[in-house]
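> My structure is below; once you've seen it, I'll send some questions.
The values are calculated or read from the model by the stated rules, or taken from the named source; none is laboratory data. The shown structure was predicted, so the numbers you read here are calculated from the model rather than taken from an experiment. When we count neighbours, we look across all protein chains shown, and the Cβ atoms used for this are built from the backbone with ideal geometry, even at glycine. These area figures cover heavy atoms from the full protein model, side chains too; ligands, DNA and RNA do not enter into them. Shrake-Rupley method; radii C 1.70, N 1.55, O 1.52, S 1.80 Å.
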Amino acid sequence: MSAHRIRTAAVFAVVALTAVTATACTATASASPDGENRQAPHWSYEGATGPEHWASLSEDFATCGKGHEQSPVDLGEDVAVETDTPVTVHYRPVTAELVNTGHTVQADVSAGSSIVVDGTTYRLRQFHFHLPSEHTEDGEHAAMEMHFVHEDAEGGLAVLAVLMRERKGHSAFTDLWKHLPAAEGGHSRITRPLDPARFLPGDRDQYRYEGSLTTPPCTEGVRWTVLEKRVGVTPRQVAAYRELFPRSNRPVQPRNDREIDHVDR
Ligand SMILES: [Zn+2]
């Protein structure tokens, strides 16, 4: 990575951190129209404010159209097998504040959980969902996708993604689904400690690449890890989430000259 690229990544990282905060603020602003937060431009997953129009909705969203390292991507072809150190997960039970942001259900979690990416520790800030999955394998979507968003000491972002497939009888999501806030701006609190590791597959083989936020402002410099093995979510849980958000995935973006690495654990 060149010095220029490192500086650029740092700038992106600051913007990205603002974006993470803004996601939470959007919900707050919606709940109280007289709030002090500057309202972000309205965007959505369909129609006139859908993904193909994000870049034109605001100057702040220009990267959604001009960026060359955008997410999500298809993980199916030309994946390099690498022997580098895998991203390691160090999650501990957390308490969580669930927020319906109008785009997703996001869980802002208490401190103490982290991942390590190439020797750098990124602390877990929040996790949230997409339906169907954003990343695809050979063009195929999974039923849903979970994003764990982490931040390092300089504000750089690393996201761990887990693909979710429909399967009977899996209980990992049962407690969480009882607390999904139905209305935009709605909150609920999970006070009984919840271990984020319960949502991960036991096998941590992974895809890794450099990408972006998958929501406006599509900030680049995000380090992505997508776990290869999927976790189960019941058809009923998928249906319940679809009631809240019928569609919440950005289409896959051009890979351009990026490498996608596959790391065995
Ligand atoms: Zn996401």
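> If R247 meets every condition in (1) crowded, with 19+ Cβ neighbours inside 10 Å; (2) of a type in the set (K, R); (3) within 16 Å of the ligand (Cβ to nearest atom) apart from one, which number is that one?
(1)
> Evaluate the following for P217: is it within 21 Å of A96 (Cα to Cα), within 16 Å of the ligand (Cβ to nearest atom) and surrounded by 14 or more Cβ atoms within 10 Å (Cβ to Cβ)?
It is false that P217 is within 21 Å of A96 (Cα to Cα), within 16 Å of the ligand (Cβ to nearest atom) and surrounded by 14 or more Cβ atoms within 10 Å (Cβ to Cβ).
> Moving to a separate point now. With the condition kept exactly as written, say whether any residue in region 91-100 is in contact with a helix residue (DSSP H, G or I) (Cβ under 8 Å, 6 or more places away or on another chain) and closer than 17 Å to R250 by Cα.
No, region 91-100 contains no residue that is in contact with a helix residue (DSSP H, G or I) (Cβ under 8 Å, 6 or more places away or on another chain) and closer than 17 Å to R250 by Cα.
> So, in region 211-250, exactly how many residues are closer than 27 Å to G47 by Cβ, of a type outside the set (S, T, Y) and under 14 Å from the mean Cα position of the chain (by Cα)?
Count: 9.
> Please give the number of the condition A158 fails out of (1) open to solvent by less than 30 Å² (accessible area, probe 1.4 Å); (2) within 11 Å of the ligand (Cβ to nearest atom).
(2)
> Return yes when E82 is farther than 27 Å from P51 by Cβ and either touching a residue at least 12 places away in the same chain (Cβ under 8 Å) or open to solvent by less than 40 Å² (accessible area, probe 1.4 Å) (or both) and no when it is not.
Taking the combined requirement at face value, the residue satisfies it.
> Which one of these does A183 not meet: (1) surrounded by fewer than 21 Cβ atoms within 10 Å (Cβ to Cβ); (2) within 16 Å of the ligand (Cβ to nearest atom)?
If we test A183 against (1) surrounded by fewer than 21 Cβ atoms within 10 Å (Cβ to Cβ); (2) within 16 Å of the ligand (Cβ to nearest atom), just (2) comes out false.
> Take the conditions within 16 Å of the ligand (Cβ to nearest atom) and open to solvent by 40 Å² or more (accessible area, probe 1.4 Å) and apply them to D108. Does it pass?
yes
> Scan region 224-240 and give yes if some residue there is of a type outside the set (S, T, N, Q), within 14 Å of the ligand (Cβ to nearest atom), at pLDDT 95 or above and within 21 Å of Y122 (Cα to Cα), otherwise no.
Yes: one or more hits.
> Looking at region 115-124, can you tell me whether even one residue there is surrounded by fewer than 20 Cβ atoms within 10 Å (Cβ to Cβ) and within 16 Å of the ligand (Cβ to nearest atom)?
There is no residue in region 115-124 that is surrounded by fewer than 20 Cβ atoms within 10 Å (Cβ to Cβ) and within 16 Å of the ligand (Cβ to nearest atom).
> Which ones in region 132-155 are open to solvent by 10 Å² or more (accessible area, probe 1.4 Å) and more than 13 Å from the ligand (Cβ to nearest atom)?
E137, D138, G139, E140, H141, A143, E151, D152, A153, E154
> I would also like to ask the following. Can you tell me how many residues within region 78-93 are modelled with pLDDT under 95 and touching a Lys or Arg at 6+ places or on another chain (Cβ under 9 Å)?
Qualifying residue count, region 78-93: 4.
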